[in-house]
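The structure appears right after this line, and notes come after that.
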Amino acid sequence: MEEDFQSAYQEEEKRLNDSISEIDLQLKRLQGIDVYTGHDFTEQVLEAAREEKRIALAKSVNEPYFGRLDFQAMQDHERKPLYIGKIGVDQEVITEQPLVIDWRAPVASLFYSFTGGEESTSYEAPEGWIEGLVFLKRNVVIRKQILERVADTYNRENEQPAVSDEFLVYRLGENKDNRLRDIVSTIQAEQDQIIRAAKNTALIIQGVAGSGKTTVALHRLAFLLYQYKEQVTAEKMIIFAPNHMFLDYISDVLPELGVGDIQQSTFADWAMDILELKVPLADAAETLHYWFEYSGGTRELNDEVPGRFKGSLTLMKMISNLIASLETTSVPEGDYSPWEGAVCSRDKILYWYNEEYKPYPLAKRKERVMARIHRWMEMELKKSPSEKVLKERKKKASLREKSYSTKWPKYEPLILYKQLFRALKTSSKLSEESLQGIPASVLKSTQQDLKKDIIREEDLSPLLYIHYLLHNITSEQRFDHIVIDEAQDFSPFQVAVLDLFVRGHSFTILGDLSQGIHAYRGVHEWEEMSSLFQPDHTAYFALTRSYRSTMEIIQFANGILEKGVQSDLMAVPVFRSGDPVRLIPYGKSDEARLSSLQEGLQRLSSKEYRTVAILTRTLREARELHEQLVGNGSDIHLIDGSKQAYQGGLSVLPVYLSKGLEFDAVIVADADLDHYGPQAWDAKLMYVGCTRALHELWILHGEATPDYLGSSEEDIAVQGWPE
């Protein structure tokens, strides 16, 4: 066995050296060609292709590939070793076999989809399905041109061929830094199926904590750009993430995959930019507690909670009725007369409005009608008998034109939104029928907000929809593909509005219902999303395998779901065992609490961990704790939502801001009934906090803890400090 390993290692080392030499030669040759800066279009295209190849080769030369697959197609007489990397590299001399195959190429799908066995397998190529046999599946780790590891996960010539998780466990055991990394070398079969799904499909992905759903979505973008290069562009794709820090956290993945220029934003930032709102959004943490008041303290988040209603298709229909009512009453009563003796009849204006300019949205229709009236006036002015009369008529016409324009409704989303929730008849004679069905709590709370010019994130979807109905959208605003991360916190209304901005219902919608800590505005079931699309335009995938945490952490977190949330969305761990979860009680005083948190931080930070976090229940508690720890000499970062970047190292932050992030070790502070109640919403918060940890999880608490923190299985959780 040792001899076989040495032989494989030597074989791969020689192949690596040959590959690096070939890539280096190609790169030097291209670098030796002068960069073309002239104006000849053909030469510009050729130079762009050369520069693209220079960049690709420069990225490939240090780590050219990560896997090898020996495959023999049925029509071939011999098996061929296929080396798979992040970026494809051709041989300098054109041959049948590329030097490195791009991981997104059809044949490379076998590296991910093949899960062992003696039977033949197949992949879909442009010319049809190719069937054949896999003889070898090998993972390699190359860092800075050095071969560090060779691991065969399948070998047909062994007595017991089987696919092993040994290489995956090795990669998962690596410590975490302050950036999410690509998973090209460890994509699993169920993840690959999502990545390679057809473009014009709304994919809905339910993924347990640590299932890699975010990374899978980013790899899907890279695949779509490769597979549909003639139909989509990076500039027309967008990722919606929960906050700016999370965007920074994922920012390295796409460049590592050789993909740039994909837009990244929060929904709020994007919507505010479209709407050009001057009113700032209410703070997210304050909004959470605000809506909580309307649940009567029971935390029952039904459809009469304002955030839920504002995200409903019921409100979307109401707004459609509002605009339809506005459409029939927009043209002012009476004829238009710019001066005595000149009359443009209302019937003529209605004809322009209802016939000639009917295809235009309302705001553009008004603009066109007013331009038509202005042209009519100019023709009438030419009939003036003298310069003096012309001058008088122009002056009078200018005033009357402005006055007539003000009689039209103001086509501004915020004004119309306020009209809707004031429940008043306006000068445009909006029908009261369009207001029926708004729950009293929604009407009252929103009236109070809008009176003070308070706009919450849940208001943005209605405002965007009004904007769309008034103005439509430009081609520059339309996307080729949209990724929505943490989609359980999005409403059906949000997704329905986004569908107006994307071609072909092309979505990747991913989230975890068990992490729905913003359930006052998000979805409770994925059917609320899938019902927005035709059955043949949507697909659902469930990722149940968790790759982030140790078995002990995952099983402990599953207990929280089972007992506190009554959820069946349990995670299946990869076999990677670690230390048990620790439940550590405080003393009774504030001093004892702070001392315990400091001791926990010191113990964990003394280990070889790159990232350690303390998670508090609220932002106020995070700020207070940070001030105390810094005052006692700790070098620790506060994450409060104001920073654009996650710095790694030691951090303190509220649980709700930790979503999407992961740390080598986590301390959950104040895990007691004074901070986490028995309700499902509290259990979800605790679940989010616990599942941020890769290797170690310590839970520090006061006297009484929620029932869902108990563990019935041995060796998963232990009491007290490590010895």
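The values are calculated or read from the model by the stated rules, or taken from the named source; none is laboratory data. These numbers come from a predicted model, not from an experiment. Ideal geometry is used to build each Cβ from the backbone, glycine not excepted, and the neighbour counts take in all protein chains shown.
Scan the range 695-703 and tell me whether some residue there is buried (at least 20 other Cβ atoms within 10 Å of the Cβ), touching a residue at least 12 places away in the same chain (Cβ under 8 Å) and assigned to a loop (DSSP other than H, G, I, E, B).
No, the range 695-703 contains no residue that is buried (at least 20 other Cβ atoms within 10 Å of the Cβ), touching a residue at least 12 places away in the same chain (Cβ under 8 Å) and assigned to a loop (DSSP other than H, G, I, E, B).
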Original post:
Does Ile584 satisfy the criteria of being farther than 29 Å from Val495 by Cα, in contact with a Leu (Cβ under 6 Å, 6 or more places away or on another chain) and buried (at least 17 other Cβ atoms within 10 Å of the Cβ)?
Top reply: yes
**OP:** Kindly provide the set of residues from the range 75-94 that are part of a strand (DSSP E or B) and either of a type in the set (Asp, Glu) or without any contact (Cβ under 8 Å) to a residue 24 or more places away in the chain (or both), ordered by number.
**Re:** Lys80
Original post:
Which number in (1) under 35 Å from the mean Cα position of the chain (by Cα); (2) more than 19 Å from Ile195 (Cβ to Cβ); (3) touching a residue at least 60 places away in the same chain (Cβ under 8 Å); (4) assigned to a loop (DSSP other than H, G, I, E, B) marks the one condition that Val141 misses?
Top reply: (4)
**OP:** Would you point out which residue out of Ser634, Ser642, Ser658, Ser651 is outside the structural domain of Lys213 (by TED's automatic domain parsing) and in contact with a His (Cβ under 7 Å, 6 or more places away or on another chain)?
**Re:** Ser651
Original post:
Is it the case that the range 373-385 has a residue that's farther than 17 Å from Glu412 by Cα, assigned to a helix (DSSP H, G or I), in contact with a helix residue (DSSP H, G or I) (Cβ under 7 Å, 6 or more places away or on another chain) and among the charged types (D, E, K, R)?
Top reply: no
Original post:
Which members of the range 320-369 meet the condition of being among the hydrophobic types (A, V, I, L, M, F, W, C), exposed (fewer than 15 other Cβ atoms within 10 Å of the Cβ) and in the same structural domain as Lys391 (by TED's automatic domain parsing)?
Top reply: Val343, Leu350
Original post:
So how many residues does the range 401-438 have that are modelled with pLDDT under 85, over 31 Å from the mean Cα position of the chain (by Cα) and in a loop (DSSP other than H, G, I, E, B)?
Top reply: 11
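Take the residues of the range 606-629 that are among the hydroxyl-bearing types (Ser, Thr, Tyr) and at pLDDT 90 or above: which is surrounded by the fewest Cβ atoms within 10 Å (Cβ to Cβ)?
Of everything passing the filter in the range 606-629, Ser606 is surrounded by the fewest Cβ atoms within 10 Å (Cβ to Cβ).
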